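Everything below concerns the one structure shown next.
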Amino acid sequence: MNTTSKSNHIRGVIFAFLLLMIPLSLNAQIVDVSIPGFNFDPADLAVETGATVRWTNNHTVNHTSTSLDGIWDSGTLAPGESYSYTFNNPGYYEYDCTFHPSMTGVIRVLELFYSIPDLYANMQAVEGQVVNVLGEFSEGNDSKLVTNYARYISRELMPQHTIIFIEGAMPPLDYWYGGMVLVTGTVSLIPNPNPIYPDDTVYISIDATGYELINEGKFDPYLPKDEGEKFDINQPRDCDSCKFGILISGGGDAANNHPGFWEDIENLYKHKVNNENYCPQNVKVIYYE
């Protein structure tokens, strides 16, 4: 089985699993939007892929429902008339009334579940919405969902849009250390002041309310290595006051950071002080938290 077909097979198995867990009533629903006056009600609507939205003109004058991207156009809706459109692709769809451009609305079309890159690709649509997202959970002290936990803990820079932060409820311990989980929660967008990638200006955070375990984690828990003698840095020591050091560590940004980087810098600090005769007060540590 080649990589593509294997990936599709795994996605199909996961999708079948989710069908047993998550009601699909929205997919079969017709969701109504009223035009009671010079407005759409609701003006901001979230539906799942496959849902049909029906606009009904309950006003006394003509209106339209017209996509700003040209995806649909109801034409003139006289009082009492309706128009329906089925949304088969996730996204953020803006529309207005061509007769009254100040009348605007948004349809947010959400997936049954998202991969992490898909969630980033649909940020506008999912912001503030409850979604289901699939990924590999790191651990409680780190609390991130990543596309590839093995790469994440290897200290390699992760590709763009492959990490999200998890807030709120934490999963059980056996979900940690690379367990593949389905997280349910509300999406928030967090500004990223120091992006590694030029257009990576926000992180996604999920305020989690529930988890489903797909596969348990296959990695051992993170255990700090103890390299070098333990000592009290306030204890007088013989050292070379002419030596100065600056130690910088971290994952490049908050998303890529994890406990292994602190282990690295701690061990290097101990080595400098214990083995290379640096004075503790002359070694400055800069760590990206």
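Summary table below
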read-out	value
Restricting region 30-59 to residues that are of a type in the set (Gly, Ala, Ser) and outside any strand (DSSP E or B), the residue that is nearest to Gly105 (Cα to Cα)	Ala43
Residue ranges of strands (runs of 3 or more DSSP E) in region 60-151 with at least 2 members over 30 Å from Met170 (Cα atoms) and small (Gly, Ala, Ser)	82-86
Considering residues of region 198-217 that are surrounded by fewer than 18 Cβ atoms within 10 Å (Cβ to Cβ) and assigned to a loop (DSSP other than H, G, I, E, B) only, the residue modelled with the highest pLDDT	Thr201
Scope region 176-192; condition under 17 Å from Lys218 (Cβ atoms) and either surrounded by fewer than 16 Cβ atoms within 10 Å (Cβ to Cβ) or among the hydrophobic types (A, V, I, L, M, F, W, C) (or both); matching residues	Trp176, Met180, Val181
Failed condition for Asp220, given (1) at pLDDT below 70; (2) over 30 Å from Thr162 (Cβ atoms); (3) of a type in the set (Asp, Glu)	(2)
Close pairs from region 132-148: first acidic (Asp, Glu), partner part of a strand (DSSP E or B), Cβ under 6 Å, at least 6 apart	Glu136/Val146; Glu136/Met180
Ser154 touching a residue at least 12 places away in the same chain (Cβ under 8 Å) and either crowded, with 18+ Cβ neighbours inside 10 Å or not basic (Lys, Arg) (or both)	no
Set Pro90, Pro101, Pro117: member being under 23 Å from Tyr203 (Cα atoms), surrounded by fewer than 16 Cβ atoms within 10 Å (Cβ to Cβ) and free of Cβ contacts under 8 Å to residues at least 60 places away in the same chain	Pro117
Residue in region 147-164 that is within 30 Å of Trp72 (Cα to Cα) and modelled with pLDDT of 90 or more present	no
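The values are calculated or read from the model by the stated rules, or taken from the named source; none is laboratory data. All of these numbers come straight from a predicted model, not from anything done at the bench. Neighbour counts are summed over all protein chains in view; Cβ atoms, including those assigned to glycine, are modelled from backbone coordinates with ideal geometry.
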